[in-house]
Amino acid sequence: MADRLSVDRQYVEELIKDKIDKVDMLCLKSNGERTDIFMLAFSLGVNAGIRTKSKSKEGLVLESAAKGKDSVMSYIYSVAIDELRKTDEEDRIRDTDLVYGIAEEYANTGFGIIEKLVPDFSKYNEEELVFQLIEMLDEKMEEIEGYL
């Protein structure tokens, strides 16, 4: 049974520790619990609608840390149940390995998106990144409004 949220090892070493932490991207640097950066990546992956399997996974967020943040587990489980409904497997929602695996795959996609949004961390510009994220939100809002 899983006790932490994991991501592909390449993102932990090459992106989070070597780049995101050094510039304290969006002030998400934490005291080692990394829930906020995981959730940003997870959200970007969910928005893209793409799941990317890990080649080699590494634990990133302890389950206890994730449960200590408002709405984190609710969001993870709501995305998982949505995925499981696609294959009529809602009854597997109690399988934390499966649920955390879905979250991991979406986070992997999100970390890939972060790499595209900030291709050169030596030239990191927080304002520019914020505007890129706002633009993504605007596009999503237009899409949602089109369905209403």
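All of (1) under 12 Å from Ala103 (Cα atoms); (2) open to solvent by 80 Å² or more (accessible area, probe 1.4 Å); (3) of a type in the set (Asp, Glu) hold for Asp88 with one exception: (1). For the stretch 13-42, the set of residues classified as within 18 Å of Lys116 (Cα to Cα) and buried (at least 19 other Cβ atoms within 10 Å of the Cβ) consists of Leu15, Ile16, Ile20, Met25, Ile37, Phe38, Met39, Leu40, Ala41, Phe42, listed by residue number.
What pairs come out if I take residues in the stretch 50-72 that are without any contact (Cβ under 8 Å) to a residue 40 or more places away in the chain and pair them with residues that are surrounded by fewer than 19 Cβ atoms within 10 Å (Cβ to Cβ) whose C-beta lies under 7 Å away, six or more apart or interchain? Final answer for the pair search is Ala65/Glu33; Lys67/Met73.
Please verify whether the stretch 74-89 includes one or more residues that are under 19 Å from Lys19 (Cβ atoms) and at pLDDT 95 or above. Explain how you work it out, then say what you get.
Narrowing the stretch 74-89 to residues under 19 Å from Lys19 (Cβ atoms): none.
For the stretch 74-89, residues under 19 Å from Lys19 (Cβ atoms) and at pLDDT 95 or above: absent.
The values are calculated or read from the model by the stated rules, or taken from the named source; none is laboratory data. Note that the structure is predicted; figures quoted are calculated from it, not measured. When we count neighbours, we look across all protein chains shown, and the Cβ atoms used for this are built from the backbone with ideal geometry, even at glycine. For accessibility, only protein heavy atoms count, side chains too; no ligands or nucleic acids. Shrake-Rupley method; radii C 1.70, N 1.55, O 1.52, S 1.80 Å.
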